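To start, the structure itself, in structure tokens.
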Amino acid sequence: MLSFLLLIGSITAGFIYSSWFFIASLCILFYKLHKWYYYQSKPWRIVHFPMMRSYAQACGIVQNEADQNNKDFQFKKAVILMLDLLNPVKLDLSHEQIVEQECMRLSSFYDKRLIRNHLKKSNIEEDKIDSILHSIKNRIDTADNNYINYLTVRMVIASVLASQFDEDARGEYVFNIFNGRAV
């Protein structure tokens, strides 16, 4: 919103004062176009960023409730609330069942086939794909509870992504989680 106001202000100033303000307008315009393209370029980005904002909101609500009741933070309650806040495309399962299903899928490395298909589309050699999948599996197997929670949130987002788009988008998203791009 602020950059939109800057854009309008610099265009107006360009008409009133100097054409140098048009250069500033172009810079702001290119910045806004870059941001728009970045967030709309891939299906997983369209779903990931709004859901992560919703998860941050859900964490705040759950933490506030926990503080008021002198209890600990409940992770699964926050994830379920994230799904409730966004009310994504209705799936065959309830929100609680989605969270449980994704926990099971994470422990069994359900997305191995999807990641393999995504890497094959990227023309990566088979032995390199196997080493990448092996390192991902090791990261999951040796993960502590905080990292499992981190992954569970993203696997729930991947489930919503697969329901809104397709399994290939889920595979690309899960690979980007482990690659460090989906933050």
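Only the coordinates and a few stated rules stand behind these numbers; no lab work does. Keep in mind that what you see is a predicted model, and the values were worked out from it rather than measured. As a convention, Cβ positions derive from the backbone with ideal geometry for all residues, glycine included, and neighbour counts pool all protein chains shown.
Annotations
- Treating each Cα of the chain as one equal point scatterer and applying the Debye formula with no solvent, the log10 of I(q)/I(0) at q = 0.09, 0.10, 0.15, 0.19 Å⁻¹ comes out as -0.45, -0.54, -0.91, -1.22.
- Debye, to nearest 20: dipole size of the chain, +1 on Lys, Arg Cβ, -1 on Asp, Glu Cβ: 500 debye
- What the Cα convex hull of the stretch 109-183 gives, in volume per residue, is 81 Å³.
- Crossing angle, helix 75-86 versus the chain [Cα axis fit, 0-90 degrees, rounded to tens]: 50 degrees
- Extension gain, TYR150 back to GLN40 (0.36 nm per residue minus Cα-Cα distance, nm): 37.2 nm
- Reachable lysines from LYS71, criterion Cα separation under 29 angstrom, eight or more residues apart if same chain: none
- Cα-based helix-to-principal-axis angle, 112-121 vs the chain, degrees rounded to 10: 40 degrees
- Farthest toward positive dipole pole in the stretch 42-179 [+1 Lys/Arg, -1 Asp/Glu at C-beta], among ASN149, ILE98, TYR173: TYR173
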